[in-house]
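Working notes, structure below.
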Amino acid sequence: MNRRFLLVLLSSVSTAVLFLFLIVLFPGESGSFGLKLMGLKIKQGNNTFSALHRKLLHGTTMKEPNRLPGEKCTKADIVINQGATRPLPTGIPTYTVEIMNICFTGCDISGIHLNCGWFSSARLINPKTFRRLHYNDCLVNDGKPLINGGTVSFQYANTFLYPLSVSRVICS
């Protein structure tokens, strides 16, 4: 009985060591023994959002934007990340959007308006969170302040991703 147990233990350990050796010797793009995982990557400005692994603010450096003297905040203090999520049961693709206030001066930002084209969604979005006012003009958080470090997020469903960018803000 002891010999059988030792034989099973030894073979398990040797298999694990061999597998780890192969991973180190042949790392793939995702570090998975040459297996290339298929994932959706969406580029939004300087940010990339991956459906497999999400890193907020990936590709952006956390440095203060150029400000005019006396300027409390700019539209560069609002960061938008979006990417694909699981489709609706009907097959319509869905996307998750995160809008963040990364103001370095500790400011709350209100009146956040985005360039959004003819934005529409097959999934209902709370209009207090995000709504289209006119062509290429969408309002975030019902115009109320987004606190420093705060995030507003929502999901929408459409056959394609809408490019979203900040058009104007009000510094509080």
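One residue stands out among those in region 150-172 that are closer than 17 Å to residue 128 by Cα and among the polar types (S, T, N, Q): the one that is surrounded by the most Cβ atoms within 10 Å (Cβ to Cβ), which is 155.
When residue 115 is tested against (1) within 15 Å of residue 157 (Cβ to Cβ); (2) open to solvent by 40 Å² or more (accessible area, probe 1.4 Å), only condition (1) is not met.
The values are calculated or read from the model by the stated rules, or taken from the named source; none is laboratory data. Because the structure is a prediction, the values reported are computed rather than measured. Cβ coordinates were reconstructed from backbone atoms using ideal geometry, including for glycine residues, and neighbour counts include every protein chain displayed. Heavy atoms of the whole protein, side chains included, go into the accessibility calculation; ligands, DNA and RNA do not. Shrake-Rupley method; radii C 1.70, N 1.55, O 1.52, S 1.80 Å.
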